[in-house]
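Engineer: Below you'll find the structure I mean.
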Amino acid sequence: MLEILAEINLLEEIDGGMKRDGYSGMMPSFRVKDELIMCEILAADDHHQVFHRGKTYLVTIHLPYGEIFSDIIVPNYTFELNYGSRTVGKGTVINITQSKEKPK
């Protein structure tokens, strides 16, 4: 599992984003090149349980099997968040906070 600290911004509906705000625990896909990896987005602090569209938030992102892309996902890496083929947010990696293999 790869755990990263990142800034994200969810797109407004008019820009192709979701119809509702996001929330801590949401599970969109994280785009790495042409691959989509399931991820979980958690509020970096307890103050923001809801991620309002159009605002920037500091979050922790868990990427199961993300260590496969650890040579690509580095600080300052920019990424998209997707639900299906729809891009609903964008972000930038601030720091890699944890990288470990899942137990077998």
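The values are calculated or read from the model by the stated rules, or taken from the named source; none is laboratory data. Quick caveat: nothing in here was measured; it's all calculated off a predicted structure. Glycine gets a Cβ as well: all are built from the backbone with ideal geometry, and neighbour counts include every protein chain shown. Note: accessible area is taken over every heavy atom of the protein model, side chains too, but ligands, DNA and RNA are not part of it. Shrake-Rupley method; radii C 1.70, N 1.55, O 1.52, S 1.80 Å.
Engineer: Which residue is nearest to Gly91 (Cα to Cα), if the candidates are limited to segment 13-70 and must be touching a helix residue (DSSP H, G or I) at 6+ places or on another chain (Cβ under 7 Å) and hydrophobic (A, V, I, L, M, F, W, C)?
Structural biologist: Val32
Engineer: Being touching a Lys or Arg at 6+ places or on another chain (Cβ under 8 Å), free of Cβ contacts under 8 Å to residues at least 60 places away in the same chain, more than 14 Å from Gly22 (Cβ to Cβ) and not hydroxyl-bearing (Ser, Thr, Tyr) is true for just one of Ile72, Ile68. Which residue is that?
Structural biologist: Just a single option satisfies the conditions, and that option is Ile72.
Engineer: Further question: Being of a type in the set (D, E, K, R), within 14 Å of Leu2 (Cβ to Cβ) and touching a strand residue (DSSP E or B) at 6+ places or on another chain (Cβ under 8 Å) is the filter here; which residues of segment 17-72 pass it?
Structural biologist: Of everything in segment 17-72, those that are of a type in the set (D, E, K, R), within 14 Å of Leu2 (Cβ to Cβ) and touching a strand residue (DSSP E or B) at 6+ places or on another chain (Cβ under 8 Å) turn out to be Glu40, Glu67.
Engineer: Test Ser70 against the stated conditions and say whether it is among the hydroxyl-bearing types (Ser, Thr, Tyr) and open to solvent by less than 90 Å² (accessible area, probe 1.4 Å).
Structural biologist: yes
Engineer: Given the options Asn76, Asn82, name the one that is open to solvent by 50 Å² or more (accessible area, probe 1.4 Å) and within 18 Å of Asn9 (Cα to Cα).
Structural biologist: Unique residue meeting the criteria: Asn76.
Engineer: Also, I was wondering about something else. Can you name every residue in segment 49-59 that is closer than 22 Å to Tyr77 by Cβ and buried (at least 17 other Cβ atoms within 10 Å of the Cβ)?
Structural biologist: Passing the criteria: Phe51, Tyr57, Val59.
Engineer: Looking only at segment 1-48, filter to residues that are in contact with a His (Cβ under 9 Å, 6 or more places away or on another chain) and open to solvent by less than 10 Å² (accessible area, probe 1.4 Å); which one of those is nearest to Ser70 (Cα to Cα)?
Structural biologist: Result: Leu2.
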